[in-house]
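Laboratory data are not the source of any read-out in this text; all were calculated from the coordinates shown. It should be emphasised that the depicted structure is a prediction, and the values quoted were computed from it without experimental measurement. In this analysis, Cβ positions are derived from the backbone assuming ideal geometry, glycine residues included, and neighbour counts consider all displayed protein chains.
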């Protein structure tokens, strides 16, 4: 038989069973605990790593890999399938799943979805000019640069993650109560272990699949309106640059997982009310029906180098949302800072002397 | 002969004149001596200062001396019988009070004693002013006196001094001065008194003496006003310019994916709130100091004087 030693959640001392209270009692700090509460606490304290989410790339799952002998491996049961060269898809004779042959065999990789450009190039230029307007710290010579020539329409490869998630999280919370008597002020802090479990579904969480684009830029121009999502059609690509993804879906998963975990925590945390402080203790999440899709989204891109630093601006080619980082004129920064400070000091001093200096 | 007769008749005639002159001289001396002692008696018409004839003053009786304070050899505005000031400090204060006298014609005096003999310090101050140990002729004045053994302080006004140092003014000055007195910073207290007296006299001279309707506000040092102005301006400027700088970069990573959560898909499947333990902390409440005399509660004011303990 294994003996379990229970430690006090408050002070860490060993607990003893109190027959009178029928609870576990701490001789050190005097707190008493129900066994159920202690079990829940022990569970929450376990150093469990965040669980991995499992995704399935639909097209890849359907596509069979070609062997050196010219046969194909069924992605479902790993059986070898013999097909003709012209076969596009077939049904696995062993597991009866539909297996796509052509896409993999030809080495082509078509996106599942795309959103065509809706913002014109002229409109994109105007948005950039508006973005620069009224920026007092923008270097004068930067405004006159020919960076507009570097404007290019670019279909950015994205991985879209879908799943039905089940999140199971614990929070350590506190609630305080204060009162006073004639001599002392008292503050009682009560500690709780709050457990929340919930289910939610995510639809097309985008993660940038290109190393050319900075993640901060591609995330900043979100969201895209998925109402405009269309099946891939090469006709939409005419006149725009398009790159195949160079970040594998497996690598992009990490970022998707991070965002899903944070969203699930925020959703569960919103149900923890009536406490002064809420700190997440344990986060677990499982994904069902995980699916990854490959999509191309439209982005107007400006790139320029100013003072040996690369500046990238992007406009959402569907919604027109503009993001980017403009260079800062340090001279102007200090000029305004010193000027405002000097002016403020003079005005405040004058008012201060009139009001508090004994002049009036 | 005629000449001798003339001289004799002249001496005869001069005798009553000389006698009269001697009598006049004696009378003059007597009148002068009484005049010196009775000079402030003209102030008795100011009402509060009037000491009715026949009323005996216990402070006078208790001292058993002809003078409450030893008269100064020359002119002085500070009599430090308790020895709280260095000679340098005394000179500085004297100079300030002398300037006030020259400017406003009001005798601003400071008196310290070890023991004034008990009773009402304001009454004692009136006697001192009547004796005029300062060697300065003035009908109008204000006196700050402190007695170390009783820890009494008093501000008493004389003549038109009451206009500048009305009840509000004396209590306001008392509030400020008593803080330094309580901390044993006597020179600072007297220096404050002299400074404040100048300001109150100036306000009265302008026709707007400080009062509850026209309250005195302690002026802050210029360097402090400029320093605070600089700090505030720098903080506000930093907020403005840093805001501009931030607006130059609109790239923000999105750590959540709430907008991709299917509407209505989130629902709780399990929920529990388990109480673990509680802790109680306590802190001593600040005690109400009943002896605190701030706000004038520890002061006593008459129409011409204000006194209290320090």
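Descriptive notes on the structure:
- Between residue A:310 and residue A:21, the FRET efficiency estimated from the beta carbon spacing at R0 = 45 angstrom works out to 0.10.
- B:182, B:304 arranged by Cβ crowding within 10 Å, fewest neighbours leading: B:182, B:304
- Förster-model FRET efficiency, 35 Å R0, residue A:174 and residue B:249, C-beta, rounded to 0.05: 0.45
- Residue order for B:178, A:328, A:187, fewest other beta carbons within 10 angstrom first, comes to A:187, A:328, B:178.
- Note on the range A:158-190 and the range A:307-350: Cα centroid distance 39 Å, given to the nearest whole angstrom.
- Ranked packing of A:166-178, A:131-143, most packed first, by mean Cβ within 10 Å: A:166-178, A:131-143
- For the peptides A:16-24, B:143-151, residues were scored by their other Cβ atoms within 10 Å and the scores averaged per peptide; the highest-first order is B:143-151, A:16-24.
- Inter-chain neighbour count for B:214-227: the average number of beta-carbon atoms from partner chains within 10 Å of each residue's beta-carbon is 4.
- Residue B:236 paired with residue B:149, simple spin-label distance in nm, labels 7 Å along Cα-to-beta-carbon: 5.9
- The distance between label points at residue B:272 and residue A:181 comes to 3.7 nm (points 7 Å beyond Cα on the Cα→Cβ vector).
- The length gained on full extension between residue A:338 and residue A:288, counted as 0.36 nm times the residue separation minus their Cα-Cα distance, comes to 12.2 nm.
- Peptide packing for B:184-194, A:258-268 was compared via the average number of neighbouring C-beta atoms within 10 Å per residue; ordered from the highest value, the list is A:258-268, B:184-194.
- Peptide A:343-353, shielding by other chains (average Cβ, 10 Å cutoff): 6
- Panel order for B:278, A:195, by other beta carbons found within 10 Å of each beta carbon, from fewest to most: B:278, A:195.
- Theoretical FRET efficiency, 1/(1+(r/R0)^6), r = Cβ-Cβ of residue A:303 and residue A:251, R0 22 Å, to 0.05: 0.40
- Note on residue A:43 and residue B:115: the model spin-label points, each 7 Å out from Cα along the C-beta direction, lie 8.4 nm apart.
- Helical runs assigned H by DSSP (4 residues or longer) give chain A a calculated mean residue ellipticity at 222 nm of -7500 deg cm²/dmol, each run adding -39500 (n - 2.57) before division by the residue total.
- Other protein chain Cβ atoms within 10 Å, averaged over every residue that makes up B:234-244: 5
- Structural descriptor for chain A: relative contact order 23 percent, calculated from alpha carbon pairs under 8 angstrom and at least 6 residues apart.
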